[in-house]
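J.: Below you will find the structure I want to go over with you.
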Amino acid sequence: MTITLSIPESLKPEDGRFGSGPSKIRPEQIAALDAGATTLLGTSHRQAPVKQLVASIREGLREFFHLPEGYEVALGNGGASAFWEIACASLITRRAAFGTYGSFSAKFAASAANAPFLEDPVLFPGEPGTYRLPELTKGVDTYCWAHNETSTGVAAPIRRVPGSREAGALTVIDGTSAAGALPVDISQTDVYYFSPQKAFGADGGLWVAILSPEAIDRAACVESSAHLEGAHRWVPPFLSLTTALNNSRKDQTLNTPAVATLIMMENQIRWLNSNGGLAWATTRCAKSASILYSWAERSEYAAPFVVDADAHSNAVVTIDLDERVQASQILSILRENGIVDAAGYRKLGRNQLRVGVFPSVEPADVMAFTKCVDYVVEHL
């Protein structure tokens, strides 16, 4: 049965976009696109105007993440899923270990399992709603997990596996839905990679990776060994991290990028840094997340899906609903009222809301969202 319900305008958020997948675009970013219509869009990515844009992104990220000495920012075509294949081709020497505790953290492990020149990965699985970090394992040269599991709303700590660095192993972290929303000490990683369509307010089609000197050396050694006679490994140019880094040092990408994505990302980075950088962004996200968690804990029909408060994500918040209240019905009514993209992850299959609280989301809009949900449930 279809139910039509009008939510009072006084309750509605000013901006009703709460997606955990696509980013929320600020009006200033649209203005930047408009300004770039005659100066940047349609311009060759190997010419000065676009190269200056890429240079600003790389320098802005260096400032935002307070990069340690020797770390470099690389970027390339494709998203985080493309970077999984790059890591398999260019970073993992023989065998990797993975913490897998949701759909996205498991996908990188699946790529490694499918790579014919790598040994089977070592998996450390965790139940959805929890996290599991890999443990020191003999023969493992790369340790991998996700900072934020987008599918479940779990945030995992970022710290090197004890003994891994001494063993010469790399730490490779998927920061796609965490970067810019959760605190991180980059020195605890060798590769921190992400796509720009979350906290960095852009469209997809791009990956960004922050690389330690050890990761840069590893990629060069892996690629060099792939050219030796009798080698079974193949590192095509599109999956070569060394090629991507060499292009990034020239402030460009291997292939033509989506210039609109670069414009929006550059504008977002400048906005974040002008407001206080990573500390400001993570504090803002924590405030929005706390509104949702506190509301759910007080509610008679809702509760945080992630039980361990220390694992609560401040980037993507997942809320379970009582079986008497159907999320699909609530989401349908919210959408009719202009409040969109708060659905749970489809493959998780729970009666759930999932709300992205990235830096562009106003905390006041998050509060309004909770009031709108209460209104809908009360009037069903």
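J.: If I ask for residues that are within 25 Å of the chain's Cα centre (by Cα) and either farther than 30 Å from Leu41 by Cα or open to solvent by less than 50 Å² (accessible area, probe 1.4 Å) (or both), which ones from segment 236-253 would you list?
T.: Leu239, Ser240, Leu241, Thr242, Thr243, Ala244, Leu245, Asn247, Ser248, Asp251, Gln252, Thr253
J.: Then there is this: Please go through segment 222-259 and give me each residue that is more than 29 Å from Ala202 (Cα to Cα), in contact (Cβ under 8 Å) with a residue 24 or more places away in the chain and part of a helix (DSSP H, G or I), ordered by number.
T.: Within segment 222-259, Val222, Glu223 qualify.
J.: Right, another one. Restricting the search to segment 38-56, which residues are part of a helix (DSSP H, G or I), in contact (Cβ under 8 Å) with a residue 40 or more places away in the chain and exposed (fewer than 14 other Cβ atoms within 10 Å of the Cβ)?
T.: Of all residues in segment 38-56, those part of a helix (DSSP H, G or I) come to 48-56.
The next check asks that each one be in contact (Cβ under 8 Å) with a residue 40 or more places away in the chain; those that pass are 50-56.
Within segment 38-56, Gln52 is the sole residue that qualifies.
J.: Tell me the residue from Thr93, Thr38, Thr4, Thr43 that is among the hydroxyl-bearing types (Ser, Thr, Tyr), within 30 Å of Asp217 (Cβ to Cβ) and over 16 Å from the mean Cα position of the chain (by Cα), please. Walk me through it before giving the result.
T.: On the way: Thr38 fails: within 30 Å of Asp217 (Cβ to Cβ); Thr4 fails: within 30 Å of Asp217 (Cβ to Cβ); Thr43 fails: within 30 Å of Asp217 (Cβ to Cβ).
None of the others qualify; the one that does is Thr93.
J.: Turning to a different aspect of this structure: Quick test for you: out of Arg159, Arg249, Arg165, pick the one residue that is of a type in the set (Lys, Arg), in the same structural domain as Arg132 (by the TED database), in contact with a Leu (Cβ under 9 Å, 6 or more places away or on another chain) and over 24 Å from Leu33 (Cα atoms).
T.: Going through Arg159, Arg249, Arg165 in turn, just one is of a type in the set (Lys, Arg), in the same structural domain as Arg132 (by the TED database), in contact with a Leu (Cβ under 9 Å, 6 or more places away or on another chain) and over 24 Å from Leu33 (Cα atoms): Arg159.
J.: How about segment 322-368: which of its residues are open to solvent by less than 30 Å² (accessible area, probe 1.4 Å), more than 23 Å from the chain's Cα centre (by Cα), closer than 21 Å to Thr152 by Cα and not small (Gly, Ala, Ser)?
T.: The answer is Val325, Ile330.
J.: Now a separate question. Being open to solvent by 10 Å² or more (accessible area, probe 1.4 Å) and within 18 Å of Ser177 (Cβ to Cβ) is the filter here; which residues of segment 88-100 pass it?
T.: Taking segment 88-100 as the starting set, the residues that turn out to be open to solvent by 10 Å² or more (accessible area, probe 1.4 Å) are 93-95, 100.
Residue satisfying the conditions is Thr100 alone.
J.: Right, another one. I'm checking my understanding of the structure. Among residues of segment 185-211 that are over 20 Å from Val361 (Cα atoms), in a loop (DSSP other than H, G, I, E, B) and open to solvent by 10 Å² or more (accessible area, probe 1.4 Å), which one is modelled with the lowest pLDDT? Explain how you work it out, then say what you get.
T.: Residues of segment 185-211 that are over 20 Å from Val361 (Cα atoms), as a first pass: 185-193, 205-211.
In the following step, the residues that additionally are in a loop (DSSP other than H, G, I, E, B) were identified as 185, 189-190, 205.
Remaining after also requiring open to solvent by 10 Å² or more (accessible area, probe 1.4 Å): 185, 205.
Working: Asp185: 98, Gly205: 90.
Ranking the qualifying residues of segment 185-211, first place goes to Gly205.
J.: Same structure again: Which one is most open to solvent (accessible area, probe 1.4 Å), of the residues in segment 101-130 that are assigned to a loop (DSSP other than H, G, I, E, B) and touching a Pro at 6+ places or on another chain (Cβ under 8 Å)? Walk me through how you get there before you give the answer.
T.: Let us first name the residues in segment 101-130 that are assigned to a loop (DSSP other than H, G, I, E, B), namely 101-102, 115-121, 126-130.
Going one step further and asking which of them are touching a Pro at 6+ places or on another chain (Cβ under 8 Å), we end up with 101-102.
Details: Tyr101: 1, Gly102: 19 Å².
So, considering only residues that are assigned to a loop (DSSP other than H, G, I, E, B) and touching a Pro at 6+ places or on another chain (Cβ under 8 Å), the one most open to solvent (accessible area, probe 1.4 Å) is Gly102.
J.: Out of the residues in segment 19-37 meeting the condition of being outside any loop (DSSP other than H, G, I, E, B) and open to solvent by 30 Å² or more (accessible area, probe 1.4 Å), tell me which one is farthest from Pro49 (Cα to Cα).
T.: Going residue by residue through segment 19-37, those that are outside any loop (DSSP other than H, G, I, E, B) are 27-35.
Now narrow it down to the ones that are open to solvent by 30 Å² or more (accessible area, probe 1.4 Å): 27-28, 30-31, 33-35.
Working: Pro27: 22, Glu28: 20, Ile30: 18, Ala31: 17, Leu33: 14, Asp34: 15, Ala35: 13 Å.
Applying the filter and picking the extreme gives Pro27.
J.: Then there is this: From the list Glu149, Glu166, pick out the single residue that is of a type in the set (D, E, K, R) and in contact (Cβ under 8 Å) with a residue 12 or more places away in the chain.
T.: Details: Glu166 fails: in contact (Cβ under 8 Å) with a residue 12 or more places away in the chain.
Answer to the selection: Glu149.
The values are calculated or read from the model by the stated rules, or taken from the named source; none is laboratory data. Quantities reported herein were computed from a predicted structural model and do not represent experimental measurements. Note that we place each Cβ from the backbone using ideal geometry, even for glycine, and neighbour counts take in every protein chain shown. Heavy atoms of the whole protein, side chains included, go into the accessibility calculation; ligands, DNA and RNA do not. Shrake-Rupley method; radii C 1.70, N 1.55, O 1.52, S 1.80 Å.
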